[in-house]
Amino acid sequence: MRLINTTTLEPEEFIVDPPPYAILSHTWENGEVLYDDFAKGTESSKQGYAKVKGCCELAASEGLKYAWIDTCCIDKTSSAELSEAINSMFNWYQNSDVCYVYLNLEIAGEYISAEELKAARWTSRG
């Protein structure tokens, strides 16, 4: 399992017994940070980097040193890794310490209304 270090914002590999981590549930947008972007050093130039950084900052503020985000923790160019990830995803969500949801919408007040939540693309994504 590959996790993003919430301090360095770099991916790290854990073969067995991953440490406590946050997981991000989100919809894919244009400019998502992909696994390959970390290898190329282009991750911070992508539009989705703010999402990665925000997730890591929130996780770190809650004492978690790692986060998992599908777009940048799975090497989708490897069919074997992609297949393993699809088969493991339920367990990864279940074993996470917390799951954050990124809605990608503007909230009118201090709290999200039912109408705002219903309008979020995330609620109808699958």
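Laboratory data are not the source of any read-out in this text; all were calculated from the coordinates shown. These numbers were taken from a predicted model, which means no experiment stands behind them. For neighbour counting, all protein chains shown are included, and Cβ atoms are generated from backbone atoms with ideal geometry for every residue, glycine included.
Using helices alone, what [θ] at 222 nm do you get for the chain, with -39,500 (n - 2.57) per DSSP H run of 4 or more residues, divided over all residues and rounded to the nearest 500?
Values: 5 runs with 46 residues, N = 126.
One gets -10500 deg cm²/dmol as the mean residue ellipticity at 222 nm.
With +1 on each Lys and Arg Cβ and -1 on each Asp and Glu Cβ, and nothing else charged, work out how big the dipole of the chain is about its Cα centre, in Debye to the nearest 20.
200
Pick out, from 67, 23, 47, the residue whose Cα sits farthest towards the positive end of the charge dipole of the chain, with +1 on the Cβ of Lys and Arg and -1 on the Cβ of Asp and Glu.
47
Tell me, what HN-Hα J-couplings in whole Hz come from the Karplus equation 6.51 cos²θ - 1.76 cosθ + 1.60 at θ = phi - 60° for each residue of the stretch 32-49, using x for Gly and Pro?
Residue by residue, the stretch 32-49 yields 5, 6, 9, 3, 4, 5, 5, 5, 7, x, 9, 4, 6, 8, 7, 4, x, 5 Hz.
Starting from the Cα of residue 107, step 7 Å along the direction of its Cβ; do the same at residue 95; then give the gap between the two resulting points in nm.
Once both label points are built, they end up 3.1 nm from each other.
For 69, 15, what's the fewest-to-most ordering of other Cβ within 10 Å of each Cβ?
15, 69
Mind checking which of 103, 34, 64 has the largest fluctuation in a GNM of the chain, springs on alpha carbons under 10 Å?
With Cα springs under 10 Å in the chain, the top fluctuation among 103, 34, 64 is at 103.
Can you tell which of 42, 71, 27 shows the greatest fluctuation in a Gaussian network model of the chain with Cα springs below 10 Å?
Sorting by GNM fluctuation, first place goes to 42.
If I model a spin label as a point 7 Å beyond the Cα along the Cα-Cβ vector, how far apart are those points for residue 78 and residue 7 in nm?
2.6
Could you work out which residue, out of 96, 44, 79, moves most in a Gaussian network model of the chain, that is, has the largest mean-square fluctuation with Cα springs under 10 Å?
79
Could you tell me how far the Cα centroid of the stretch 90-114 sits from the Cα centroid of the stretch 28-87, in Å?
Between the Cα centres of the stretch 28-87 and the stretch 90-114 lies a distance of 16 Å.
Rounded to a whole number of µm²/s, how large is the Stokes-Einstein D of the stretch 11-97 at 4 °C and 1.567 mPa s, given Rh as the Kirkwood radius over C-alpha pairs? Please list the in-between numbers first.
Working: Rh = 13.6 Å.
For the chosen part, D equals 95 µm²/s.
Could you line up 101, 16 from fewest to most neighbouring Cβ atoms inside 10 Å?
16, 101
Among DSSP beta bridges lying fully in the chain, give the percent that are antiparallel, nearest 5.
Within the chain, antiparallel bridges account for around 45 percent of the total.
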